[in-house]
Amino acid sequence: MLPPRPSQPLLALVFALALLVALVVPPAQAAEPTLGELAAAKGRYFGSATDNPELTDAPYVAILGSEFNSITPGNSMKWDATEPQRGQFSFARGDEVVALAQRNSQRVRGHTLVWHSQLPGWVSNGGFPATELRSILQNHVTTVATHFKGKLAHWDVVNEPFNEDGTFRDSVFYRTLGQSYIADALRAARAADPAAKLYINDYNTDGLGAKSDGMYNLVKSLKAQGVPIDGVGFQGHLALQYGFPYKMQENLRRFADLGVDVAITELDIRMNLPADATKLATQATWYSDVTKACLAVSRCVGITIWDYTDKYSWIPSVFPGEGAALPYDENLRPKPAYNALRTALGGTPGDPGPTAACAVAYKVESQWNAGFTAAVTVTNRGTTPINGWRLTFAFPGDQKVTQGWNAGWSQTGRDVTAANASWNGTLAAGASASIGFNASYTGTNAAPATFALNGTACRAS
Ligand code: 9MR
């Protein structure tokens, strides 16, 4: 039987009501695009460095996973991490960063194969003759690049080869092998991982000057000899008290004109502490100016900041009395620099935190040999109530929920679902539900990187 046809006046009433609802009920707020998404819309990436010890900090990991589309291991692919003893290679920590990036669909900049620093004593003090050191270098580059083959977008093959005056740094490699060590390293990296873009990376080369002239001449001569070099990394460790790099855009462009990509690889902008509103405003302008310099050069492929939060910046321990160098403060809150970056990347200011529909705090409350207890707080950060929710996340390791409370817990492989209990299914705007579980694990107990509520990504709170 056909349903009765609604009369014309009834239809008009329904239409009017629908119109009224559309006008007075605000649409669900779309999440602000992230820095990574804004950069991607410009054909670039926006990345952050990270380091393995930080990966147990769930709120940190959540922003790292959502805001950036590239990550760089700050330490775990360096020589002292990957070949601490001659011929004994260790990749676990580098693999951990790669796995995290893969789960979050991020690219990875590999850092770094040949560097005078964080170089184990067996290399720097080994007193090896040239032939032996050359084969040690080639073996290191080949073994590490082969291990990560196909997983890295870029490799910083050679790091910091220059002195401030543009002459070659007196490293064990240069002292023993002369500048040919650079070409050797690049050739070995290309042979091991033909898909990775191969970079030379240095600091204080961001603007025109003697040091960047040294880099420029090197790259020009490598290109002329047909040595495989794809890009030049400009670290961008800036300090308000030393001034903005001289003609940065012009500098990036002259390298691009040699036929290589350029990238800002370790950006941070420190200041003398304490920070104040004026310094933070200048810092914001500088972040914006670096971004604009990169966007103005078509071969400038992306920007990486040297971690994203002051909580994990390397600056205070190396430059006492200086800091506040990154776009997020120590409590993971965006600073003026964050909005300046958004704006420079073509977006609008906006803290994605408060506009995200939900927030999740994940806390390991206690942990023993093979198990742990976690407390999870789910908060509705939207403006309307949530009626019925399912929280989903994936464990990075082999964690298995053995018992849970205040929600219906289930797990398939690494994927966990917590469905609301009968008494906490309605979350008013701003309201939270506290749930928890016991789980087993072996190895490391890293926190899940991202959480979603009813399929929408949540921010860490
Ligand atoms: O961020 C890295 C920090 O954790 C290390 O202690 C430090 C040791 O040298 O290296 C830091 O990263 C450096 C990078 O590898 C090369 N450019 C300078 C960076 C800051 O020192």
Query raised in the report: Quick one: which of A185, A210, A192 is surrounded by 23 or more Cβ atoms within 10 Å (Cβ to Cβ), touching a residue at least 24 places away in the same chain (Cβ under 8 Å) and small (G, A, S)?
Result: A185
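Listed here are the residues, each with its yes/no results for (1) at pLDDT below 95; (2) out of contact with any Leu (no Cβ under 7 Å at 6 or more places or on another chain).
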{"site": "V25", "(1), (2)": "yes, yes"}
{"site": "A30", "(1), (2)": "yes, yes"}
{"site": "T34", "(1), (2)": "yes, yes"}
{"site": "A40", "(1), (2)": "no, yes"}
{"site": "G43", "(1), (2)": "no, yes"}
{"site": "T56", "(1), (2)": "yes, yes"}
{"site": "P59", "(1), (2)": "yes, no"}
{"site": "A62", "(1), (2)": "yes, yes"}
{"site": "G65", "(1), (2)": "yes, yes"}
Report task. Would you check which residues across segment 431-460 are more than 21 Å from W405 (Cα to Cα) and of a type in the set (S, T, N, Q) and list them? Result -> T442, T444, T456
Query raised in the report: Hey, V227 hits all of (1) aliphatic (A, V, I, L, M); (2) touching a strand residue (DSSP E or B) at 6+ places or on another chain (Cβ under 6 Å); (3) not in a helix (DSSP H, G or I) but one; which does it fall short on?
Result: (2)
Report summary line: Scanning segment 70-122 for residues that are open to solvent by 40 Å² or more (accessible area, probe 1.4 Å), hydrophobic (A, V, I, L, M, F, W, C) and within 16 Å of the ligand (Cβ to nearest atom) gives none
**Report entry** Residue that is most open to solvent (accessible area, probe 1.4 Å), among those in segment 267-303 that are touching a His at 6+ places or on another chain (Cβ under 9 Å) and within 16 Å of the ligand (Cβ to nearest atom)
**Finding:** R270
Query raised in the report: Which one is nearest to G166 (Cα to Cα), of the residues in segment 182-196 that are in contact with a Leu (Cβ under 9 Å, 6 or more places away or on another chain) and not in a loop (DSSP other than H, G, I, E, B)?
Result: I182
Report summary line: Expected single match for outside any loop (DSSP other than H, G, I, E, B) and touching a Phe, Trp or Tyr at 6+ places or on another chain (Cβ under 9 Å) among V97, V123 is V123
Report summary line: Given the conditions (1) acidic (D, E); (2) within 15 Å of W115 (Cβ to Cβ); (3) touching a Leu at 6+ places or on another chain (Cβ under 9 Å), every one holds for D202 apart from (3)
Query raised in the report: Quick one: which of A449, A431 is open to solvent by less than 50 Å² (accessible area, probe 1.4 Å), of a type in the set (A, V, I, L, M, F, W, C), at pLDDT below 90 and under 23 Å from the mean Cα position of the chain (by Cα)?
Result: A449
Requested in this report: Answer yes if at least one residue in segment 152-166 is under 29 Å from K247 (Cβ atoms), within 16 Å of the ligand (Cβ to nearest atom), among the charged types (D, E, K, R) and surrounded by 23 or more Cβ atoms within 10 Å (Cβ to Cβ), and no otherwise.
Outcome: yes
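The values are calculated or read from the model by the stated rules, or taken from the named source; none is laboratory data. In this text, all values refer to a predicted model and were calculated from it rather than measured experimentally. Neighbour counts are summed over all protein chains in view; Cβ atoms, including those assigned to glycine, are modelled from backbone coordinates with ideal geometry. Just so you know, the surface numbers come from the protein's heavy atoms only, side chains and all, with ligands and any DNA or RNA stripped out. Shrake-Rupley method; radii C 1.70, N 1.55, O 1.52, S 1.80 Å.
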